[in-house]
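Everything below concerns the one structure shown next.
Every read-out reported here was derived from the displayed coordinates using simple, explicitly stated rules and does not represent laboratory data. The shown structure was predicted, so the numbers you read here are calculated from the model rather than taken from an experiment. For neighbour counting, all protein chains shown are included, and Cβ atoms are generated from backbone atoms with ideal geometry for every residue, glycine included.
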Amino acid sequence: MDSVITLEHVQKRFGTYIAVHEAHFDIGKGEFFSMLGPSGCGKTTTLRMIAGFEQPDSGRILLEGQDVSRVPPYRRNVNTVFQHYALFPHMTVRDNVAFGPRSRKLEEAEVQKRVKELLEVTRLNQFAERKPAQLSGGQQQRVALARALVNYPSALLLDEPLGALDLKLRQAMQIELKRIQREVGITFIYVTHDQEEALTMSDRIAVMNEGRVEQIGTPEEIYHSPSTVFVAGFIGVANLLPARVIGLMDNRAVVTLAGEQRAEATAPGWAAKPGSDATLMVRPERLRLSADGPGVAATLTTAVFQGPVVRCLLATPDGVEVIAHVGSEGPRPDLQPGRSYRLLWDADSARLLPRAKASAPLDLQERTTLDLAGSH
Amino acid sequence: MARGGPVGSRWTGRLLDLYAGLVLLYLFLPIFVIVSYSFNKPAGKFNFVWKSFSLDAWRDPFLYPALVDAMKMSLKVAAVSTSVSVVFGSLIALALCRYTWKGAGPINLLLVLPLTTPEVVLGSSLLSLFLQVNAPTGFWTVVIAHIMFSVSYVALTVKARIRGFDWTLEEAAMDLGAPPFRTVLKVTLPLIAPGIAAAGMLSFALSLDDFIITLFNAGNQVTYPLYVYGARRAAFPPQINVLATTILVGSLILLGITVLWQNRTMKEAMTK
């Protein structure tokens, strides 16, 4: 894979606060690359360093092999779609889009040719003579996109560009963005705090937390094989059970859970010694419930029918909350709140993770609600 | 005009209207007198008592060369001092709004100082300064004195106008390939221009109007206010009122244009 952008041990601090810590990764040509994380995780600062608005304190940023760490934004061949679009209010849509090529001193004929092409790609032809204030949010969004793409940048940087749109428009724009990206074939670097958005559009995702990149991988890798408790909790819903390693073999671990229950989990690259603490992660849809037999004991708190699945909230005797999505197919015990059940899963669907250092993973129920509230 | 508030009766409403009317009358009566007396045909040298309507003064506004010279002097001082203070004042305002830096607090304080200091103090201390450095008082000392207080007015006016300006527009321009100079020329300036124009008009009017500071520092030069002050003893022709009225009408037209322009541009420039 040809890389367009390379970050080499990039660090950025504001005063004593480390905003970005040791960012070190490649972004490939034509890739849709997302930086995902909660606010304050350093994703926007990383983007601003790639754009040239901030300079790294140490490390290097390479753009198509050239060190651009100290190059001002107007001499870098990357363009940004800003969170609130930052369209020039005193210019028409056409002049907004023409601003880039005109600033780069292209011939006016070439400028017009490019503007025409981009207005077509973004379906803005009939709005060319309007001012930004006369456009809807979605249209402004497309102007911002056209204006940033018209310079044919090596990479397009997008800073939560859909944040200001309502849910429905946001979903439509996700598809639209992906279409435009395929059409122009330019690398997109997309910053978001919305895991669903990142999963929907990205070829690869970098999950960031507190200034560090926790994991980089395809959406599937990130979802099925998270490498930290934070990633597991941030992407989708994860059940996290405290565990102690008793044996390791061939990327597999045997652990004991609370109550001396034994369980198996995949643990690729796991280097910890037997006896050390760890966390066992299972996705809710991988859990099965049975009325008795082997498995981890848990008491059903609530069961909510949600159409395709029944969403069950359970609590283990030592107080760990577990969410299980029980499908309508296959055997299913009679679900009665207050009763005790057994949780079962295949060893392949469980994953052993290092024990989280400090805070518990985000409460996903709460976060989803927040996201929905934030979109209005 | 009376709007029934929760405790308002018809009478309190009427009283409020009357009160508002009296205040407006109080504010505009002097201006009305100035304008109407430009159409007076005074009995003697002094245009202080109404005699009869006449267009004589309007037909020959430049009858008195000394008055015309004073007006020219005033316009020249206003033009030069405004040009300089608009540049300096706007730059100060930009620096204060655009960046957070240690000097911002003291600078803000210093800006207000010339506005709150009594003019007599400013005028006399400036004069003593000019005398100490052996600067001959005249046109340039008046210009320097006017720049001194105009810079404050311009900086404060521009600052108030560009509060809330969306600075990411500058980042956007640079991101698209515009070097800093082009960014300022094509994006920042067009958007803050109405604020600067308003500040310029204010500065021009203040310079034209200033009497006390000018009196101290004008040497043997005579500006329009100084001429009018002197004229009350020898002769007070209606041409004074004619020139005053012309300036009034001129500034009203300019003001109207600026307000319209501003409403259009500034609204666009603000975030959201």
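Based on C-alpha pairs under 8 angstrom that are at least 6 apart in sequence, segment A:107-187 has a relative contact order of 30 percent. Each label was represented as a point 7 Å from its Cα along the Cα-to-Cβ direction; for A:His325 and A:Asp250 these points are 3.1 nm apart.
Averaging the Cα positions of each part gives two centres, and for segment A:229-253 and segment B:92-166 these lie 67 Å apart. Take every pair of alpha-carbon atoms less than 8 Å apart whose residues are at least six positions apart; their mean separation over the length of chain A yields a relative contact order of 15 percent. Shown here are the Rg and Dmax of the Cα trace of segment B:56-271, at 20.0, 66 Å. Value of Rg to Rh for segment B:132-217, rounded to two decimals, is 1.17; Kirkwood radius and Rg both from alpha-carbon coordinates.
Working note: 222 nm ellipticity from helices only, DSSP H runs with n ≥ 4, each -39,500 (n - 2.57), summed and divided by the residues of chain B, gives -24500 deg cm²/dmol to the nearest 500.
A simple spin-label model places pseudo-atoms 7 Å from Cα toward Cβ; at A:Ala109 and B:Asp209 they are separated by 5.7 nm.
Rounded to the nearest 0.05, the FRET efficiency derived from the C-beta distance between B:Asp17 and B:Leu248 at R0 = 22 Å is 0.25. Averaging Cα coordinates gives a centre for segment A:296-342 and one for segment A:70-121; these two points are 55 Å apart.
The average projected area of segment A:232-365, computed from the convex hull of its Cα atoms over all directions, is 8.3 nm².
Each label point was placed 7 Å from the Cα along the Cα-to-Cβ direction; for A:Glu285 and B:Asp60 their separation is 9.9 nm. Taking every lysine pair in segment B:56-271 that is 8 or more places apart or spans two chains, those with Cα atoms closer than 28 Å amount to 5.
The calculated FRET efficiency for the pair A:Ala297 and A:Glu221, based on their C-beta separation and a Förster distance of 22 Å, comes to about 0.10.
Grouping the Cα pair distances of segment A:177-221 into 10 Å bins from zero gives a pair-distance distribution of 25, 54, 19, 2 percent in increasing distance order.
Working note: Cα atoms of the protein assembly as shown, range along each principal axis, descending, whole Å: 121, 69, 55.
Working note: 222 nm ellipticity from helices only, DSSP H runs with n ≥ 4, each -39,500 (n - 2.57), summed and divided by the residues of chain A, gives -7500 deg cm²/dmol to the nearest 500. For an R0 of 35 angstrom, estimate the FRET efficiency from the Cβ-Cβ distance between A:Ser58 and A:Ser349 and round to the nearest 0.05. Given R0 = 35 Å and the Cβ-Cβ separation, E is 0.30. Its residue count N fixes a reference of 2.2 N^0.38 Å for chain A, and the Cα radius of gyration divided by that reference is 1.15. Segment B:1-151 gives an Rg/Rh value of 1.13, both radii derived from C-alpha positions and Rh following Kirkwood.
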